[in-house]
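The values are calculated or read from the model by the stated rules, or taken from the named source; none is laboratory data. Computed from a prediction, not measured in an experiment: that's the story for all the values here. Because the Cβ atoms are built from the backbone with ideal geometry, glycine has one as well, and the counts that use them run over all protein chains shown.
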Amino acid sequence: MSAPGADGTVSFEPRIIAFVCNWCTYTGADLAGTSRLPMAPNVRIIRLPCTGRIDTLFILKAFERGADGVIVSGCHPADCHYTSGNYHARRRFAIFRELMEFVGIDPRRVTFSWVSASEGGKWAEVVNGTTERVRQLGPFETYPGRVRSAGE
Amino acid sequence: MFVLRVNSMQDLKELSKKLLEQKQVSAILGYEHGRRGPRPVFVTEVADCERLVFDHRCVHNLAAYLSPRRTLVAQLGRLAVVVKACDARAVAGLIRESQLKREDVVLIGVRCGGVVRDPNGAEQLSADNVAPRCLECDKREPALADHLVGEPKPPPPGSASRDARLSEIEALSPGERLTLWTSLLSRCTRCHACRQVCPMCFCERCIADKTQPTWIETSPHARGNLAWHLTRALHLAGRCVNCGECERACPAHIPLGLLNRKVARVVAERYGYRVTDDPSTPTPIGAYRLDDEQEFIQ
């Protein structure tokens, strides 16, 4: 969290981790970049082979290590490079999302999306939308055992 | 099927003797009286069959001993196991997930009208001492069994289902829920009793034991509380047999059953899946449908 600005308001820049699949969303994010689409600089991308590789522990680890929001994104249904990885991920995250909500992790902090390689514009929307939403929610300091600063 | 008699314990003893004498099995895994109520016992001698008992205090899920990781149990040879309806669901789970072959075990099904929370004391089963998960169970006898003993039992007394508590928690705000669970889970010492006692937790190497990298903090630090308990509940999605052993084994009295119950309800609502003692049904987490609901995905 930043220091109070000149007008006394506290500006908070959320730290957001994006777990994306190599084949669709990472390429889509690349397209957004090369297209020079305006995007919030708050998102750090971690590239994985497939959404099927994204363990729910990745999300929790991100929160533990100081993330305020998480994006999980991959290929649209029927487009998975490995045929069915995203279908398996969809079930896993559907259950995990409700469990997460049940223990009090605000589901607005975690965005799930399908972004294809040609959807650079959609990726920019996902990034900007998530950043704005998490900025409203504030830092996730209530996550149990969260590290105080990035280097800790 | 074994012939029914009025005295269920006598039935159990005679059947066990027969199985051992005819060398159908080399040991019976059942319950005997202990200082703090019934406890698990392996009976290998015909004469010891007299020690076998079964009543409403036999809470343990003996299917946990059938995991292939229990190599000492495997050395005993072919086992006959006393199973309640919930225990039979665990045996079915082990068969379904290729951890056990059906022909490697003889199942002695017992009719069950619910068990108590604590096997110590409690001569009578009452609405005050019945295990909450038994009120969610409508199976008075297992379908997956080679023999069935005991007289038919009525449903357990009481009506205090955990669903009321679930609704209470769901009605709270996200912040209040996080405060509640942070406080409940802060008692966790990461002793992993919930994992050791669980018949469905049979991974050769648990992710909680891996330290390079450390996905789940191994020391009793707040950092790993959500990571461990959410992962445990999620890995049991569509697999938890609702035997309540994790909650009973927990020395910190964390209501782990609430997390399991929540996941079971999500799986039932989203995928129409209920855990049964039919080993041929696939688990929902290992399967998918092209038209699964995805209202939460942008």
* Looking at A:ASP79, A:ASP30, which one is over 25 Å from B:GLU176 (Cα atoms) and modelled with pLDDT of 95 or more? -> A:ASP30
* Based on what the data block shows, is B:VAL46 of a type outside the set (Lys, Arg) and under 22 Å from the mean Cα position of the chain (by Cα)? -> no
* Asked: Quick check, is B:VAL91 in a loop (DSSP other than H, G, I, E, B) and more than 27 Å from B:HIS253 (Cβ to Cβ)?
  -> no
* Asked: For the stretch B:256-275, which residues satisfy the criterion of being crowded, with 17+ Cβ neighbours inside 10 Å and not in a helix (DSSP H, G or I)?
  -> B:TYR273, B:VAL275
* Structure fact -> Considering the stretch B:32-62, residues that are in contact with a strand residue (DSSP E or B) (Cβ under 7 Å, 6 or more places away or on another chain), of a type in the set (A, V, I, L, M, F, W, C) and not in a loop (DSSP other than H, G, I, E, B), and then whichever is farthest from B:LYS18 (Cα to Cα), we arrive at B:LEU62
* How many residues, within the stretch B:115-143, are of a type in the set (A, V, I, L, M) and more than 15 Å from the chain's Cα centre (by Cα)? -> 5
* **Residue among B:ALA90, B:ALA122 that alone is on the phi > 0 side of the Ramachandran plot, more than 14 Å from chain A (Cβ to nearest Cβ) and either modelled with pLDDT of 95 or more or in contact with a His (Cβ under 9 Å, 6 or more places away or on another chain) (or both)** => B:ALA122
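Listed here are the residues, each with its yes/no results for (1) at pLDDT below 95; (2) surrounded by 18 or more Cβ atoms within 10 Å (Cβ to Cβ).
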{"residue": "A:PHE96", "(1), (2)": "no, yes"}
{"residue": "A:PRO107", "(1), (2)": "yes, no"}
{"residue": "A:SER113", "(1), (2)": "no, yes"}
{"residue": "A:GLU125", "(1), (2)": "no, no"}
{"residue": "A:LEU137", "(1), (2)": "yes, no"}
{"residue": "A:GLU152", "(1), (2)": "yes, no"}
* **Residues located in the stretch B:236-245, provided they are in a helix (DSSP H, G or I) and either at pLDDT 95 or above or at the interface with chain A (Cβ under 9 Å from one of its Cβ atoms) (or both)** => none
* Asked: For B:LEU185, are the conditions met, namely being under 20 Å from the mean Cα position of the chain (by Cα) and either of a type outside the set (Gly, Ala, Ser) or under 28 Å from B:THR281 (Cα atoms) (or both)?
  -> no
* Would you call A:THR111 over 18 Å from the mean Cα position of the chain (by Cα) and facing another protein chain (nearest Cβ under 8 Å)? -> no
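Quick grid of which residues meet (1) in a strand (DSSP E or B); (2) under 30 Å from A:PRO144 (Cβ atoms):
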{"position": "A:PRO41", "(1), (2)": "no, yes"}
{"position": "A:ARG44", "(1), (2)": "yes, yes"}
{"position": "A:TYR82", "(1), (2)": "no, no"}
{"position": "A:ARG97", "(1), (2)": "no, yes"}
* Structure fact -> Residue set A:ILE59, A:ILE71, A:ILE16; condition surrounded by 15 or more Cβ atoms within 10 Å (Cβ to Cβ), closer than 24 Å to B:ARG289 by Cα and modelled with pLDDT of 95 or more; output residue A:ILE71
* **In the stretch A:65-84, the residues that are touching a Pro at 6+ places or on another chain (Cβ under 8 Å) and without any contact (Cβ under 8 Å) to a residue 60 or more places away in the chain** => A:TYR82
* Structure fact -> Residue hits (the stretch A:93-147; closer than 28 Å to B:GLU176 by Cβ, of a type in the set (Lys, Arg) and touching a residue at least 40 places away in the same chain (Cβ under 8 Å)) are A:ARG109, A:ARG133, A:ARG135, A:ARG146
* Asked: Any idea which of (1) more than 14 Å from A:ARG92 (Cα to Cα); (2) facing another protein chain (nearest Cβ under 10 Å); (3) surrounded by fewer than 13 Cβ atoms within 10 Å (Cβ to Cβ) is the one B:GLY286 doesn't satisfy?
  -> (1)
* Pull up the stretch B:192-217, narrow it to residues that are within 13 Å of chain A (Cβ to nearest Cβ) and more than 30 Å from B:ALA88 (Cβ to Cβ), then point me to the one that is surrounded by the most Cβ atoms within 10 Å (Cβ to Cβ). => B:ILE216
* Would you mention how many residues in the stretch B:63-75 are assigned to a loop (DSSP other than H, G, I, E, B) and surrounded by 17 or more Cβ atoms within 10 Å (Cβ to Cβ)? => 1
